[in-house]
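Down below is the structure, laid out as C-alpha cells.
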Amino acid sequence: MITGSASFLANIDVAQLAIYAFWLFFAALVWWLRREDHREGYPMVADYPGQDAREFPQMPPAKHFVMGDGSTIAAPRGEKAEVFAARQMLPWPGAPFEPTGNPMIDGIGPAAYAQRHDAPELAYDDGLPKIVPLRTATDFFLSSEDPDPRGYAVLGDDGVQAGTVVDAWIDRSEYIVRYLEVETTPEFGGRRVLLPTHFVTFRTRLRQIGCYAILGRQFADVPALKNTDSVTSLEEDKIVGYYGGGLLYATPKRMAPVL
C-alpha cells in the first residue's frame, strides 16, 4: 500500500529541486557581492555632469568599522564627486582627458592620489607613527654595509642639483628606509621635502643621488608636510603621486609616443 507522503514524494524530482535551490542561492550571492562592492569607490560619476553611473543594485546602508586607534569609519562614506583639472579631448563618452594645469600637482593620470586619512599610519605594537626620520627614531640606525645617504647631493633627471639629503625616514614596522629627506637649494625654495627611495639611483663614488622621475627645478613643488617629524597617509599618496606623475609629465617628450 502506498501512503500519501510516499505518493507525494514520488512526483518530485529531488535533483531538479536541488539545482533550482542552487540557482537561487547563487543569484542571491551575486546580488549580495555586487551590493557589498559598492562600499568603496562610490558614487560613480558619468562622463557628463549631472549623470549618475551607479549600477544596480544601489549602495547598501553604511557599515561602521572600529579602527586600531579607536576611531570609527563608515563605508560607504558618501563622498562627493571630485572636481579635477582636466578636460575631455573629444565630445563622446570614453574619450581621453588632457590636463588643464600642472598634472603632477593636480593629481591627474599617474599623479592621481586617493583621499586617504590625513593622519600618520601607526605601528601595531606601540601605537606611534611608524614612518619617522632617523633623528627621532634613536633606536634605529643605517647598516654599516650600506651607504649613508646623508650629505649626498640630489640631482634631478636633467642633472641639476636640487638639494642635499639631510635625513632618512624609516618604516619602524618593516625596518626599511622609505624616504630620503632633501633640503632643497635656495633657488628651489630652501625647504625640506621627501623623496621616495624607489625613485632614486645611488652614485656612491660621487656622493650623489639621482632622481629619474622629475627634474631638478620640480623639487620646488613636491607636496609639503604639515609636521616635520611625521607623514600622514594622505601626504604619502600625494608625494608618491607627484613623483609617479613625473614619469609621464616631467617633460613634454615623455608624453609623446615612442614611435
**Request:** Take the cross-link list Lys63/Lys226; Lys226/Lys253; Lys130/Lys253; Lys80/Lys238 and give me the ones stretching past 29 Å between alpha-carbons.
**Result:** Lys63/Lys226; Lys226/Lys253; Lys130/Lys253
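What net charge do the residues around Tyr243 carry, taking every other residue with its C-beta under 14 Å from that of Tyr243, with Lys and Arg at +1 and Asp and Glu at -1?
Taking every other residue near Tyr243 into account, the sum is -2.
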**Request:** Quick one: which residues, 5 or more positions from Tyr212 or on another chain, have an amide H under 5 Å from its amide H? H modelled 1.01 Å from N in the peptide plane, none for Pro or chain starts.
**Result:** Thr201
**Message:** At R0 = 51 Å, how high is the FRET efficiency between Thr136 and Phe56 if r is their beta carbon distance? Nearest 0.05 is fine.
**Reply:** 0.50
**Prompt:** Rounded, prolate or oblate: which one fits the range 113-206, using the alpha carbon gyration tensor with axes a ≥ b ≥ c (rounded when a/c is under 1.5, else prolate when a/b beats b/c, else oblate)?
**Reply:** oblate
**Complete:** Counting only DSSP loop positions in the range 125-159, the chymotrypsin sites (Phe, Trp or Tyr not before Pro) whose Cβ has at most 11 other Cβ atoms within 10 Å are Phe141
**Request:** Would you mind working out the magnitude of the charge dipole of the range 131-255 relative to its Cα centre, with +1 at each Lys and Arg C-beta and -1 at each Asp and Glu C-beta, to the nearest 20 Debye?
**Result:** 380
**Message:** Tell me the mean residue ellipticity at 222 nm calculated for the chain from its helices only (DSSP H runs of n ≥ 4, each -39500 (n - 2.57), averaged over every residue, nearest 500).
**Reply:** -6000 deg cm²/dmol
**Asked** In nm, what is the difference between 0.36 nm times the number of residues separating Ala15 and Ile73 and their Cα-Cα distance?
**Response** 16.3 nm
**Request:** Please say if the range 81-140 is rounded, prolate or oblate, where rounded means a/c under 1.5 for a ≥ b ≥ c the square roots of the C-alpha gyration tensor eigenvalues, and otherwise the choice is prolate for a/b larger than b/c and oblate otherwise?
**Result:** prolate
**Request:** For Ala86, list long-range residues whose amide hydrogen, built 1.01 Å from N in the peptide plane, is under 5 Å from its own amide hydrogen.
**Result:** Thr100
**Message:** Testing the spin-label approximation: label points 7 Å from Cα along Cα→Cβ at Asp125 and Ala28. State their distance in nm.
**Reply:** 4.6
**Request:** May I ask you to order 61-68, 108-115, 239-246 by the average number of other C-beta atoms within 10 Å around their residues, highest value first?
**Result:** 239-246, 108-115, 61-68
**Prompt:** Put a dot 7 Å past each Cα toward the Cβ at Lys63 and His117; how far apart are the dots in nm?
**Reply:** 1.7
**Fill in**
Per-residue Cβ contact counts at 10 Å, fewest first, order Thr232, Thr138 as Thr138, Thr232
**Message:** Within 14 Å, Cβ to Cβ, of Pro147, how many net charges do the neighbouring residues add up to if Lys/Arg are +1 and Asp/Glu are -1?
**Reply:** +1
**Request:** Round to the nearest 0.05 the FRET efficiency obtained for Arg254 and Asp146 when R0 = 35 Å and r is the Cβ-Cβ distance.
**Result:** 0.70
**Asked** What share of the DSSP beta bridges in the chain is antiparallel, in percent to the nearest 5?
**Response** 90
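Each reported figure results from applying straightforward, stated rules to the coordinates on display, with no laboratory input. Since the structure is predicted, the reported quantities are computational estimates derived from the model, not experimental observations. Neighbour counts run over all protein chains shown; Cβ positions are idealised from the backbone, glycine included.
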